Amino acid sequence: MTQEKAPMPQEPQGSEVSEGKFFALMGYISVLCLVPLLLKRGNKFAMFHGRQGLVLFILELAAGVLKVVPAVGEVVFTLAFVVCGILSLVGILKVLMNEYWEMPLVYDKAHKISH
């Protein structure tokens, strides 16, 4: 049984991007991922990036909780923090280039988040 991927949104339209770009960018900055999810619900571009930012933020929180585990926790936290940071930076670059980007592993979870 194969799992079907959600259809990729069409190329962003000019007004949709211009209205949602700032909010989409905020989606990759820690807890600010909630801003596009709450304030730009009708903007597909902002919501797409906001959902991915939310998944990254949840991963960062989980890594923070795991930090209390002796020895292994610090390594897991550091690795997760670096990976999430790199993914956030790439996400911000994609927003600035007016592109949708399916983040590896993250997109599969993000597209399941309801409107």
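Here, each number is a calculation from the coordinates, and none is a lab measurement. Keep in mind that this is a model prediction, so the values were computed, not measured. Every residue, glycine as well, gets a Cβ built from its backbone with ideal geometry; the counts of neighbours run over all protein chains shown.
Looking across the range 42-64 at every residue that is under 16 Å from VAL82 (Cα atoms) and under 8 Å from the mean Cα position of the chain (by Cα), the one that is surrounded by the most Cβ atoms within 10 Å (Cβ to Cβ) is identified as GLY53. Here SER114 clears all of (1) at positive phi; (2) loosely packed, with under 13 Cβ neighbours inside 10 Å except the condition numbered (1). Close Cβ contacts (under 7 Å, 6 or more residues apart or on different chains) running from residues in the range 53-64 that are within 19 Å of VAL95 (Cβ to Cβ) to residues that are polar (S, T, N, Q) comprise LEU56/SER88; PHE57/SER30. Looking at GLY85, is it assigned to a helix (DSSP H, G or I), crowded, with 16+ Cβ neighbours inside 10 Å and more than 10 Å from the chain's Cα centre (by Cα)? For GLY85, the condition - assigned to a helix (DSSP H, G or I), crowded, with 16+ Cβ neighbours inside 10 Å and more than 10 Å from the chain's Cα centre (by Cα) - is not met.
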